[in-house]
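Accompanying notes for the structure given below.
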């Protein structure tokens with residue numbers, strides 16, 4: 001069992017509780033609603049610009065995807081490593097987003113979102129050297145790609161819930177996917193800036209364990225919310 005030192009555990013209480021509270025309060029809010037939903041329901045024909053915007057917005061406001069990205073790059077210091085892992089993630093979620101919407105492959109949204117929550121738990125556990133302590137050494141690149149596939153299905157389910165016009169669907173979905181990649185680039189840049197500032201502060205290694213404990217807590221909350229939704233729906 002992973003344990004924090006006594007002093008660190010005391011300091012972890014409020015940040016961890018805050019992180020868990022934020023994850024819990026936001027768990028129900030990640031979807032396409034309001035004016036965005038109205039546009040998707042009423043749009044007919046190719047409309048590249050708005051779909052680019054919606055894709056970028058959906059990723060930037062997608063706390064589950066951002067939590068996983070944060071976990072992936074937590075201990076990556078070289079840009080080429082960041083680029084490799086983020087590319088694997090992007091290829092994975094792009095493939096299943098397009099297959100899900102254009103190919104009509106449906107998955108249960110609660111199950112796939114629970115797996116997305118688990119991906120956050122998995123990455124945080126890996127960052128805490130949990131697998132090494134168990135004598136297990138998974139392929140980190142393969143894991144990021146596989147979880148990327150599930151994240152793509154998660155994006156697809158949000159669109160499949162809506163009766164989007166088939167007129168111009170291919171162009172619009174490709175545009176949405178490109179928007180997702182733009183949003184991912186923006187979010188990644190912000191996360192990298194935050195991590196670099198944190199690393200330069202000198203407190204990064206002291207609080208890295210706490211940061212990943214908060215990530216794990218958020219992932220468990222996301223899983224719990226989706227699993228309860230599956231049984232109560």
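The values are calculated or read from the model by the stated rules, or taken from the named source; none is laboratory data. Here the structure is a predicted model, which means the values were calculated and not measured. Glycine gets a Cβ as well: all are built from the backbone with ideal geometry, and neighbour counts include every protein chain shown.
Values computed for the structure shown
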| read-out | value |
| --- | --- |
| Condition check for residue 53: at pLDDT 90 or above, surrounded by 16 or more Cβ atoms within 10 Å (Cβ to Cβ) and in contact with a helix residue (DSSP H, G or I) (Cβ under 8 Å, 6 or more places away or on another chain) | yes |
| From 211, 224, 229, residue being buried (at least 19 other Cβ atoms within 10 Å of the Cβ) and either modelled with pLDDT of 95 or more or assigned to a helix (DSSP H, G or I) (or both) | 211 |
| Yes/no for residue 170 being at pLDDT 95 or above, assigned to a helix (DSSP H, G or I) and surrounded by fewer than 14 Cβ atoms within 10 Å (Cβ to Cβ) | yes |
| Any hit, segment 24-47, residues being part of a helix (DSSP H, G or I), crowded, with 20+ Cβ neighbours inside 10 Å and either touching a helix residue (DSSP H, G or I) at 6+ places or on another chain (Cβ under 7 Å) or at pLDDT 95 or above (or both) | no |
| Condition met for residue 68 (free of Cβ contacts under 8 Å to residues at least 12 places away in the same chain and assigned to a helix (DSSP H, G or I)) | no |
| Output for segment 147-166, where each listed residue is under 13 Å from the mean Cα position of the chain (by Cα) and surrounded by fewer than 18 Cβ atoms within 10 Å (Cβ to Cβ) | none |
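Condition check ((1) closer than 16 Å to residue 94 by Cα; (2) part of a loop (DSSP other than H, G, I, E, B); (3) in contact with a strand residue (DSSP E or B) (Cβ under 7 Å, 6 or more places away or on another chain)) across all residues:
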| position | (1), (2), (3) |
| --- | --- |
| 144 | yes, no, no |
| 147 | yes, no, no |
| 153 | yes, no, no |
| 163 | no, yes, no |
| 174 | yes, no, no |
| 179 | yes, no, no |
| 196 | no, no, no |
